[in-house]
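Below is one structure, written out as structure tokens; comments come after it.
The values are calculated or read from the model by the stated rules, or taken from the named source; none is laboratory data. Everything quoted here is computed from the prediction, not taken from an experiment. Backbone-built Cβ (ideal geometry, glycine too); neighbour counts: all protein chains shown.
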Amino acid sequence: MSTPTTLALPDGVVPIVVDTSRGSFAAHTVRVAEPRGHVLLVPGWTGSKEDMTQVLPLLATAGLDATAYDQRGQHETPGTDHDDYSLHGFGADAVAVGRAVSSTPAHLLGHSFGGLVAQWAVLADPSAWRT
């Protein structure tokens, strides 16, 4: 996984690939010793996980594990012409990523288009989310 030259990952933040039944997603994550929960951050349409990376250490300081990922077709998560780019599809991706990175229901936060995706993710599987 690459890191843009303009972005040095903050201490404790590591690049990962999240493998799910819906594909593999590039992500940045931070983990704490005794987490009080997990936060999944969904970037906007023209954004990427890097838009959320600087927030990850703040969430860790609050005692939360956190993951920001590239949605299908963003930055380091490729997409094909045959992939599902509907809101339902992006929501299903978020559910799959959330379940892959956290064994318990996660907090879900989306920015801009990521907020719409978060709404669809909650509608698709309310049991996957804490808030």
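Data for the structure
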{"item": "When residues of region 77-96 are limited to those that are touching a Lys or Arg at 6+ places or on another chain (Cβ under 8 Å) and not in a loop (DSSP other than H, G, I, E, B), the one nearest to Arg31 (Cα to Cα)", "result": "Ala96"}
{"item": "Pro105, sole failed condition from (1) surrounded by 14 or more Cβ atoms within 10 Å (Cβ to Cβ); (2) closer than 22 Å to Ala8 by Cα", "result": "(2)"}
{"item": "Pair list, Cβ < 7 Å and 6+ apart or interchain, from region 9-32 residues that are closer than 16 Å to Pro43 by Cβ to residues that are basic (Lys, Arg) and surrounded by 16 or more Cβ atoms within 10 Å (Cβ to Cβ)", "result": "Ala26/Lys49; Ala27/Lys49; His28/Lys49"}
{"item": "Scope region 49-76; condition surrounded by 21 or more Cβ atoms within 10 Å (Cβ to Cβ) and part of a loop (DSSP other than H, G, I, E, B); matching residues", "result": "Met52, Asp70, Gln71, Gln74"}
{"item": "Residue satisfying condition, being touching a helix residue (DSSP H, G or I) at 6+ places or on another chain (Cβ under 9 Å) and either over 17 Å from Val14 (Cβ atoms) or touching a residue at least 12 places away in the same chain (Cβ under 8 Å) (or both), within set Gly47, Gly79, Gly63", "result": "Gly47"}
{"item": "Selected residue [of a type outside the set (Phe, Trp, Tyr) and under 12 Å from the mean Cα position of the chain (by Cα)] from Ala60, Ala92, Ala124, Ala68", "result": "Ala68"}
{"item": "Residue check for Ala100: buried (at least 17 other Cβ atoms within 10 Å of the Cβ) and farther than 10 Å from Val42 by Cβ", "result": "yes"}
{"item": "Pairs, first farther than 8 Å from Gly91 by Cβ and free of Cβ contacts under 8 Å to residues at least 60 places away in the same chain in region 116-128, second in a helix (DSSP H, G or I) and among the charged types (D, E, K, R), C-beta under 7 Å, six or more apart", "result": "Ala128/Arg99"}
{"item": "Residue among Asp83, Asp93 that is surrounded by fewer than 18 Cβ atoms within 10 Å (Cβ to Cβ) and acidic (Asp, Glu)", "result": "Asp83"}
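Condition check ((1) at pLDDT 95 or above; (2) under 20 Å from Phe90 (Cβ atoms); (3) aromatic (Phe, Trp, Tyr)) across all residues:
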site	(1), (2), (3)
Phe25	yes, yes, yes
His28	yes, yes, no
Ala33	yes, no, no
Gly37	yes, no, no
Val42	yes, yes, no
Thr46	no, yes, no
Val55	yes, no, no
Leu58	yes, no, no
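Here is a yes/no grid of residues against (1) surrounded by fewer than 17 Cβ atoms within 10 Å (Cβ to Cβ); (2) more than 25 Å from Ser103 (Cα to Cα); (3) hydrophobic (A, V, I, L, M, F, W, C):
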position: Val17; (1), (2), (3): yes, no, yes
position: Thr29; (1), (2), (3): no, no, no
position: His38; (1), (2), (3): no, no, no
position: Pro78; (1), (2), (3): yes, yes, no
